[in-house]
Amino acid sequence: MIKAGIIGSTGYAGGELVRILMGHKDVEIKWYGSRSYIDKRYADVYRNMFQIVDAVCMDDNMEALADEVDVIFTATPQGLCASLVSEEILSKVKIVDLSADFRIKDVNIYEEWYKIKHPAPQFIEEAVYGLCEVNREAIRNARLIANPGCYPTCSFLSVYPLAKEGLIDMNTIIIDAKSGTSGAGRGAKTDNLYCEVNENIKAYGVAGHRHTPEIEEQLGYASGENTTINFTPHLVPMNRGILVTAYASLKKETNYEAIKAVYDKYYDNEKFVRVLDKDVCPQTKWVEGSNYVDVNFKIDPRTNRIIMMGAMDNLVKGAAGQAVQNMNLMFGLPETEGLNLVPMFP
């Protein structure tokens with residue numbers, strides 16, 4: 001039985017980690033960390049856990065936690081995990097970090113976009129970017145995982161096959177993305193109040209959203225080219241879900257069958273990436289509550305561009321589900337263990 005600790009267990013991603021791990025036959029949660037709710041019963045924070053979780057919330061003492069568990073999940077704001085991790089801790093325990101602290105390999109880019117000084121740059125190179133569909137073998141041997149961001153996961157998986165095969169101009173990519181409000185976290189913010197969000201849709205972080213360099217870096221690795229994108233996220237009045245619509249210029253004329261073969265080449269054997277049938281557009285409602293990503297594409301011969309689409313649950317494949325997928329690989333378990341979650345509807 002794997003003993004797990006969660007730092008940041010009362011945020012939305014942390015709460016989703018608890019929900020998923022409670023159904024994982026090989027994991028026991030030993031530590032529910034929450035700086036905001038120390039000594040408060042977890043089930044009093046999340047009433048859906050009444051008579052399911054009896055534990056109380058504890059502080060984010062990573063040193064103490066490392067002596068008690070086999071894996072630590074950090075579902076915390078940027079900078080916290082990096083401020084706590086040390087060589088001594090990593091010698092004892094594996095860490096899956098759901099923040100952006102170790103996703104970007106260039107520390108200067110991280111500090112520019114996140115506006116904070118990186119507390120532990122010595123671990124950046126070692127950290128493995130935890131996108132299982134691409135970095136599976138490196139994840140198996142890792143002790144520190146940088147769990148990908150929600151927007152980057154959906155964006156990357158939508159575009160990846162064509163970037164990898166060199167079929168699109170990597171400097172013509174435009175990504176239009178929309179997310180439910182849980183993506184903004186559980187903190188009290190005026191912009192996330194019901195009256196601000198309901199009956200409204202808005203762009204934010206235009207030409208400056210901090211997930212931009214993460215997407216560019218990963219698409220650059222896939223294509224072998226320096227990549228510059230336009231990325232614009234939008235907030236929509238729903239709890240969870242991400243929809244990505246990405247556009248790029250094709251390098252040559254092609255047809256549906258050729259592009260479909262490329263997507264099938266990369267995703268036929270991937271449990272959690274579903275390539276939809278021709279002319280079926282991804283929708284968030286068909287992936288909600290699951291670890292699936294639905295992707296598809298449409299060729300526009302009039303403009304010689306291709307539209308690449310993806311939908312997923314930002315809290316599952318975009319956060320907690322992907323973290324558990326990484327943990328499974330790190331401990332030699334079936335990658336799907338605890339993640340056979342059928343999408344919820346309605």
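Let me confirm something: among ALA55, ALA64, which residue is farther than 20 Å from SER99 by Cα and touching a strand residue (DSSP E or B) at 6+ places or on another chain (Cβ under 8 Å)?
ALA55
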Original post:
Here are some residues: ILE104, ILE72, ILE95. Which one is crowded, with 24+ Cβ neighbours inside 10 Å and in a loop (DSSP other than H, G, I, E, B)?
Top reply: ILE104
Original post:
What about ASN296, is it without any contact (Cβ under 8 Å) to a residue 60 or more places away in the chain and assigned by TED's automatic domain parsing to the domain that holds TYR266?
Top reply: yes
Original post:
Is at least one residue of region 259-267 crowded, with 16+ Cβ neighbours inside 10 Å, modelled with pLDDT of 95 or more, in the same structural domain as SER179 (by TED's automatic domain parsing) and closer than 24 Å to GLY180 by Cβ?
Top reply: no
Original post:
Within region 49-102, can you find the residues that are closer than 25 Å to LEU333 by Cα, small (Gly, Ala, Ser) and touching a residue at least 12 places away in the same chain (Cβ under 8 Å)?
Top reply: ALA66, ALA75, SER99
**OP:** Mind listing just one residue for me: the one in region 21-47 that is surrounded by fewer than 12 Cβ atoms within 10 Å (Cβ to Cβ) and over 21 Å from GLY332 (Cβ atoms) and, of those, farthest from the chain's Cα centre (by Cα)?
**Re:** ASP39
Subject >> Residues (buried (at least 16 other Cβ atoms within 10 Å of the Cβ) and at positive phi) located in region 48-67 >> reply: none
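Just a yes or no: is a residue in region 275-288 buried (at least 16 other Cβ atoms within 10 Å of the Cβ), within 18 Å of LEU162 (Cβ to Cβ) and free of Cβ contacts under 8 Å to residues at least 24 places away in the same chain?
Yes, because at least one residue in region 275-288 is buried (at least 16 other Cβ atoms within 10 Å of the Cβ), within 18 Å of LEU162 (Cβ to Cβ) and free of Cβ contacts under 8 Å to residues at least 24 places away in the same chain.
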Subject >> Test: LEU329 is assigned to a loop (DSSP other than H, G, I, E, B) and crowded, with 17+ Cβ neighbours inside 10 Å >> reply: no
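The values are calculated or read from the model by the stated rules, or taken from the named source; none is laboratory data. Here the structure is a predicted model, which is why all the values come from computation and not from measurement. Reconstructed Cβ throughout: ideal geometry from the backbone, glycine too, with neighbour counts over all protein chains shown.
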